[in-house]
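Just below is one structure, and these are the notes that go with it.
The values are calculated or read from the model by the stated rules, or taken from the named source; none is laboratory data. Here the structure is a predicted model, which is why all the values come from computation and not from measurement. As a convention, Cβ positions derive from the backbone with ideal geometry for all residues, glycine included, and neighbour counts pool all protein chains shown. The accessibility values were calculated without ligands, DNA or RNA, using every heavy atom of the protein model including side chains. Shrake-Rupley method; radii C 1.70, N 1.55, O 1.52, S 1.80 Å.
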Amino acid sequence: MAHSLIPNHKEMPLMPLREVVMFPKSIVPLFVGREASIRAIEAAIDRHDRQILLVAQRDSSLSHPLDTDLFAVGTVSRILQLLRLPDGTIKVLFEGLFRARWELFSSPEEGGEENSFQLARILPLASSNSSGSETVAVIRAALEALDEYARSNKKLTPDILAAITANSDPGRLADAIIPHLKVEYLKKQEVLEAVDSAARLEMVFGMLQGEISISSMEKRIKTRVKNQMERNQREYYLNEQIKAIHKEMGREEDPLLELNELDKRLQEKNMPEDARGRALRELKKLRQIPPTSAEYTVVRNYVDWILDLPWNDLAETSIDIEKARAILNADHYGLDKPKERILEYLAVHKLAGRLKGPILCLVGPPGVGKTSLAKSVARATGREFIRLSLGGVRDEAEIRGHRRTYVGALPGKIIQSLKRVSSNNPLFCLDEIDKMSMDFRGDPSAALLEVLDPEQNNAFNDHYLDMDYDLSQVFFITTANSLHAIPLPLQDRMEIIRLPGYLETEKLHIGKDFILPKQREAHGLALRNIHLSDQAILDIIRTYTREAGVRGLEREIATLCRKIAMQVVAADDRDRRVAVGRQSLPSLLGVRKFRHGERETEPQVGVCTGLAYTELGGEILLVETALMPGTGKVQTTGKLGDVMTESAQAALSYVRSRSDVFGLRPEFHKDIDIHIHVPEGATPKDGPSAGITLTTSLVSALLGIPVRNDVAMTGEITLRGRVLPIGGLREKLLAARRGLISTVIIPKDNEKDLREVPADILKGLVILPVEHVDEVLPQALGAAPHEIFQGRENAVPLALSLKKTEAAKAKLHGHGFD
């Protein structure tokens with residue numbers, strides 16, 4: 001910068017400095033590379049005093065600064081040494097002499113070339129010295145601060161420190177201290193331009209305090225970093241030692257590497273934050289436990305369980321109703337109503353976009369396809385399939401798991417099953433839910449109340465995990481053979497879908513189109529090797545199986561395939577063709593196991609045909625009543641349950657109350673013993689639906705009138721003779737048709753249920769709805785009582801002493817006996 005007010009004084013070369021401020025009484029080496037600066041130094045060397053003006057640039061990025069780009073105050077310096085380097089630059093040692101203001105004098109070369117240096121006219125700046133207690137205090141403070149700074153700055157050697165502290169003048173002390181401080185050049189320039197020496201030292205003292213603070217902070221940071229590095233090196237050294245020890249002991253795996261792998265998996269796992277936090281706490285605990293400790297294994301297993309569960313991992317699911325219908329029809333023949341109900345359920349879920357709703361429970365006899373139907377639903381919705389059999393489960397911990405305090409504790413079956421799949425929205429089939437039992441260890445069905453409740457299972461708490469797990473995305477389907485063994489609160493949480501037994505025509509199609517191709521392929525037979533006629537399949541269904549499903553049919557067809565495979569191998573003829581007809585079945589399958597239809601060949605006294613509904617489907621039930629002279633005892637045999645025994649007592653009470661109508665003396669039961677037996681005594685039987693069957697059998701035995709062998713009946717009886725409704729009508733009618741029954745007597749209240757019965761079952765059956773036993777007896781006994789009484793006195797057991805009067809016959813007419 002030019003100063004026109006500077007008087008005509010000494011001129012000398014000027015050299016600009018980048019981010020460097022030269023101070024008086026300081027010796028500084030500098031590397032010079034700019035051509036103009038080199039020429040300025042050469043010009044100064046030619047002078048007798050070798051002096052040059054060093055001025056700092058305002059902007060250090062400028063390569064060719066103008067006079068306006070330089071500060072107004074610089075330092076006149078002397079060149080002590082000069083060394084030329086091979087790259088063309090020079091190293092110069094400068095000694096600062098005094099401050100000076102300057103103005104541009106001239107350039108030795110005309111034309112203003114960029115490489116020309118400048119000559120400056122200088123005006124020395126004299127410092128204004130001040131004395132007093134304040135100046136002394138500043139000097140002492142600066143010296144103390146310098147001493148503290150020197151302890152952290154190793155570059156300040158004792159010799160340099162002694163040379164600096166030897167200055168008693170505040171200005172010179174400031175000029176001696178400032179070159180050793182790591183402050184930016186702009187602040188140093190402010191110190192250079194300060195004229196008052198005490199003020200200049202005070203400025204340096206402030207900078208010195210700042211440097212002390214920064215130096216202390218640097219020291220703390222370095223110490224911390226050093227300690228961390230030492231700790232890391234120590235851990236590395238110890239880990240290497242541990243690896244060597246494990247290797248010597250034959251343990252190739254490093255526990256620390258395993259823990260690091262667990263930590264990495266935990267950070268990448270898609271899971272709730274509360275579960276992640278719990279796992280992190282357990283992992284931290286695991287790092288503090290020796291690997292040889294028993295607790296290490298317990299905690300490690302717990303962390304593994306948390307990491308192996310799917311948590312928030314959901315598989316993509318799609319519900320295509322037509323595709324689902326095609327899959328269900330391809331996998332199962334018949335079962336139209338259950339399949340339609342499942343499709344409705346899927347349609348609702350597609351519209352609602354969520355699974356929250358009732359749990360499906362498929363109820364039906366064994367072998368009708370409940371579990372396979374659940375598999376088909378999983379395939380139709382694109383979900384993974386899990387099957388958990390609950391048969392024989394009697395411990396509540398099987399569902400909820402054991403607490404971790406127990407040795408060998410594990411989660412419950414629900415969590416264990418979810419671990420095997422990769423998503424948290426599978427289709428979960430709880431098979432045989434009616435086969436659970438309970439003991440002193442708890443009731444597993446009570447634990448299922450939370451699992452199968454859509455309002456609660458979003459926070460299912462397993463005892464082992466001890467934290468909530470979301471089951472709301474799981475599609476639960478349960479299966480059962482009967483409902484009476486399922487607790488009512490559990491039934492209330494499920495939507496019941498009944499799968500009835502198959503008709504003969506349905507079994508024929510299943511055997512022909514599904515089972516036979518499957519077994520033929522399983523036994524290595526070609527289509528040409530076996531020909532099974534429809535009549536042969538029907539004969540297998542009727543005389544070799546007795547079931548509602550098709551498992552027995554599949555076993556018999558598999559036996560046929562084995563026999564034929566033996567013949568093909570024995571003949572060494574792969575093209576051998578074996579035709580199987582009805583007549584050839586005994587030679588292949590053995591003697592027929594069942595008689596097609598169990599009705600009696602002719603009407604018999606005291607033998608009545610009833611209809612029962614069991615886990616296997618509908619069954620024909622024969623009730624036999626025998627009378628003997630005695631003292632009025634009533635005996636029931638055939639492994640009857642309490643309800644069925646009470647039905648027999650109700651039947652006897654009804655007959656006693658109507659003794660005058662039947663022509664029996666009032667105390668007839670005191671002279672006889674009554675024995676009621678239901679064949680197949682090894683099979684438990686119970687239920688109220690045999691009431692009218694027991695009554696008809698008893699009346700037949702008392703009156704000596706045979707019961708029609710082509711009539712079957714079902715219905716509960718009251719003491720007044722009313723007939724109450726029953727369940728399982730479809731299955732019972734199917735059993736009647738299979739047993740060659742022509743007439744079936746049912747309760748009047750069940751007449752509405754006939755609409756749900758397929759036409760194939762009703763074909764050939766005469767259905768008689770009744771409201772009272774008085775309507776049953778004329779149909780079952782086959783003739784009007786007044787016709788039976790005439791000429792049939794000898795058919796009535798003499799021990800009964802029956803009273804057959806015209807008055808009794810008249811009463812019979814009044815109660816519907818025409």
### Query
Accessible area, 1.4 Å probe, largest first: how do Glu455, Glu240, Glu316 sort?
Glu316, Glu455, Glu240
### Message
Pairs of alpha-carbon atoms within less than 8 angstrom and 6+ residues apart define the contacts here; what relative contact order does the chain have, in percent?
### Response
7
### Query
In percent, what relative contact order does the range 458-538 have, based on Cα pairs under 8 Å that are 6 or more apart in sequence?
17
### Task
Collect residues whose amide H, placed 1.01 Å from N in the peptide plane, falls under 5 Å from the amide H of Ile745; neighbours closer than 5 in sequence don't count.
Ala712, Met713, Thr714, Leu768
### Query
What would the Debye formula give as log10 I(q)/I(0) at q = 0.26, 0.28, 0.29 Å⁻¹ for the alpha-carbon point model of the range 38-95, no solvent?
-1.14, -1.16, -1.17
### Query
Taking the Cα atoms only, what angle lies between the long axis of helix 273-287 and the longest principal axis of the chain, rounded to 10 degrees?
70
### Query
What nm value, rounded to one decimal, do you get for the distance between Asp67 and Arg562 when each label is placed 7 Å out toward the C-beta?
12.0
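With r as the distance between the Cβ atoms of Lys350 and Ser389 and R0 = 30 Å, compute the FRET efficiency 1/(1 + (r/R0)^6) and round to 0.05. Spell out each step's value before the answer.
Details: r = 30 Å, r/R0 = 0.99.
Calculated value: 0.50.
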### Query
By its C-alpha gyration tensor, with a ≥ b ≥ c as the square roots of the eigenvalues, how is the range 400-486 shaped: rounded for a/c under 1.5, else prolate for a/b larger than b/c, else oblate?
oblate
### Task
For the range 287-414, report the translational diffusion coefficient in µm²/s to the nearest whole number, using Stokes-Einstein at 37 °C, 0.692 mPa s, and a Kirkwood Rh over Cα pairs.
181
#### Entry: Label-point separation in nm, Gln535 to Ser168, each point 7 Å along Cα→Cβ
14.4
### Query
Given H placed 1.01 Å from N in the peptide plane, which residues other than close sequence neighbours of Val723 have an amide H under 5 Å from its amide H?
His772, Val773
### Task
Starting with the highest mean, order 558-569, 469-480 by the number of other Cβ atoms within 10 Å, averaged over the residues of each peptide.
469-480, 558-569
#### Entry: Taking the convex hull of Cα positions in the range 93-227, its mean projected area over all directions (nm²)
11.4
### Query
Stretched out fully, how many nm does the piece from Ile321 to Asp49 gain, at 0.36 nm a residue minus the Cα gap?
87.4 nm
### Task
Pull out the extension gain between Leu97 and Arg528, defined as 0.36 nm times the separation in residues minus the alpha carbon to alpha carbon distance; nm, one decimal.
143.1 nm
## Note on the structure
Quick shape check on the range 531-608: root eigenvalues a ≥ b ≥ c of the Cα gyration tensor, a/c under 1.5 is rounded, otherwise prolate if a/b tops b/c, else oblate, and it reads prolate
### Message
List the residues, sorted by chain then number, that are 5 or more residues from Phe71 or on another chain and whose placed amide H is less than 5 Å from its amide H.
### Response
Ala56, Arg58
### Query
Does the range 6-48 come out rounded, prolate or oblate, given a ≥ b ≥ c as the square roots of the eigenvalues of its C-alpha gyration tensor, rounded meaning a/c under 1.5 and, failing that, prolate meaning a/b above b/c?
oblate
### Message
Just to confirm the number: angle between the C-alpha axis of helix 691-703 and the first principal axis of the chain, 0 to 90 degrees, nearest 10?
### Response
10
### Backbone HN-Hα couplings from phi across the range 505-510 [Karplus 6.51/-1.76/1.60, Hz, Gly and Pro as x]
5, 5, 5, 4, 5, 5
### Query
What is the distance, in nm, between label points placed 7 Å from the Cα along the Cα-to-Cβ direction at Ser422 and at Glu144?
7.4
### Query
Ignoring ligands, DNA and RNA, what accessible area per residue does the chain give at 1.4 Å, in Å²?
50
### Message
If R₀ is 22 angstrom, what is the calculated FRET efficiency for the pair Lys243 and Arg276, using the beta carbon separation as r and rounding to 0.05?
### Response
0.15
#### Entry: Descending Cα extents along the principal axes, the range 619-767, whole Å
49, 35, 25
### Query
Relative to the longest principal axis of the chain, what angle (0 to 90°, nearest 10) does the C-alpha long axis of helix 336-352 take?
20
### Message
Counting only protein heavy atoms and a 1.4 Å probe, tell me what percentage of the chain's accessible area is made up of carbon and sulfur.
### Response
51
### Message
Considering just Cα atoms, how many Å³ per residue does the convex hull of the range 666-747 enclose?
### Response
124
## Note on the structure
Site Asp313, offset 7 angstrom along Cα→Cβ, radius 14 Å on amide nitrogen, limited to the range 259-284, gives 265-272
### Length gained when the stretch Arg220-Glu19 is fully extended (0.36 nm per residue, less Cα-Cα span)
69.5 nm
### Task
For the pairs Lys25/Lys182; Lys264/Lys413; Lys350/Lys413; Lys685/Lys752; Lys563/Lys593, note any where the Cα-Cα span goes beyond 22 Å.
Lys264/Lys413; Lys350/Lys413; Lys685/Lys752
### Gyration tensor over alpha-carbon atoms, the chain, equivalent ellipsoid semi-axes in Å
115, 31, 25
### Task
Calculate one ³J(HN,Hα) per residue across the range 141-147 by plugging θ = phi - 60° into the Karplus curve 6.51 cos²θ - 1.76 cosθ + 1.60, and present them in order as whole Hz with x for glycine and proline.
4, 5, 5, 5, 5, 5, 5
### Message
Averaging over every viewing direction, what projected area does the convex hull of the Cα atoms of the range 436-575 cover, in nm²?
### Response
13.5
### Task
May I ask for log10 I(q)/I(0) of the range 388-447 at q = 0.13 Å⁻¹, from a Debye sum over the Cα atoms as equal point scatterers with solvent left out?
-0.36
### Proximal charge balance of Asp59 [Cβ under 14 Å; K/R count +1, D/E count -1]
-2
### Task
Please find the FRET efficiency linking Gln583 to Ser742, where r is the Cβ-Cβ separation and R0 is fixed at 30 Å, and quote it to the nearest 0.05.
0.60
### Task
Answer with one residue from Phe98, Leu765, His349: the one whose Cα lies farthest towards the positive end of the charge dipole of the chain, charges on Cβ with Lys, Arg +1 and Asp, Glu -1.
Leu765
### Task
State the antiparallel share, in %, of DSSP beta bridges confined to the chain, rounding to the nearest 5.
55
